[in-house]
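Enquirer: Starting off with a structure, shown below.
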Amino acid sequence: MLHQIIFFLFKLRLIQPSEKTIILWEQTEQVDKLEYALKHGNYKTRKLAAEALEHVGKPSSIPALLNCIYDKVHNVSLACLNALERINPSEEIVKNVIRKRFIWDKETREKDTKYQENRNKKHKIYRWERASKKSFDRVKEQLKRPMR
């Protein structure tokens, strides 16, 4: 009963389901709730839902997992890819998963090379003088001089 209330409040976007709730949905194989959490949860909830769908292993959750592999959060995408590989879908889906992993590898290699190139590069930083700072320094100098 409590978990039904939690799902209702989650649908109203008032709370996020806890890890225990997602584990219960996994054990009772409530795939619809897990798919909803995969689509509408925060990044932690989406990751837990993808891992739960991986353990449930029902082919009906493949479309939701395919939508999730292009998630902005890398860990969520990785969990969805792992779930798709575990479910053993068709050859076309495996090709998409492999392509996505190669794209990630390529992007990380490009970032590393760009970082190594710019690592020893010195950047010129321009500092503009502000009039208020200039006048403050002038007043400060005047205060240091003795009064006549």
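Derivation of every value follows stated rules applied to the coordinates shown; laboratory data play no part. Note that the structure is predicted; figures quoted are calculated from it, not measured. Because the Cβ atoms are built from the backbone with ideal geometry, glycine has one as well, and the counts that use them run over all protein chains shown.
Enquirer: Setting aside same-chain residues fewer than 8 positions from residue 95, which lysines have a Cα under 17 Å from its Cα?
Expert: Counting by Cα, and skipping residues close in sequence, residue 95 has these lysines nearby: 106.
Enquirer: For residue 11 and residue 117, what is the calculated FRET efficiency with R₀ set at 35 Å and r taken between the beta-carbons, to the nearest 0.05?
Expert: 0.10
Enquirer: Could you give each residue of segment 25-39 its phi-based ³J(HN,Hα) in whole Hz, using Karplus coefficients 6.51, -1.76, 1.60 with θ = phi - 60°, and x for Gly or Pro?
Expert: Taking θ as phi minus 60°, the curve returns 4, 5, 5, 8, 6, 8, 5, 4, 5, 5, 5, 5, 5, 5, 8 Hz for segment 25-39.
Enquirer: Here is a follow-up. Listing 132, 61 from the residue with the fewest other Cβ atoms within 10 Å to the one with the most, what is the order?
Expert: 132, 61
Enquirer: What pairs in 11/47; 11/72; 72/114; 100/121; 58/111; 44/100 have C-alpha atoms more than 26 Å from each other?
Expert: Correct reply: 100/121; 58/111.
Enquirer: Sticking with this one: Tell me the relative contact order for the chain as a rounded percent, counting alpha carbon contacts under 8 Å between residues six or more apart.
Expert: The normalised contact order for the chain reaches 14 percent.
Enquirer: Moving to a separate point now. Considering just Cα atoms, how many Å³ per residue does the convex hull of the chain enclose?
Expert: 228
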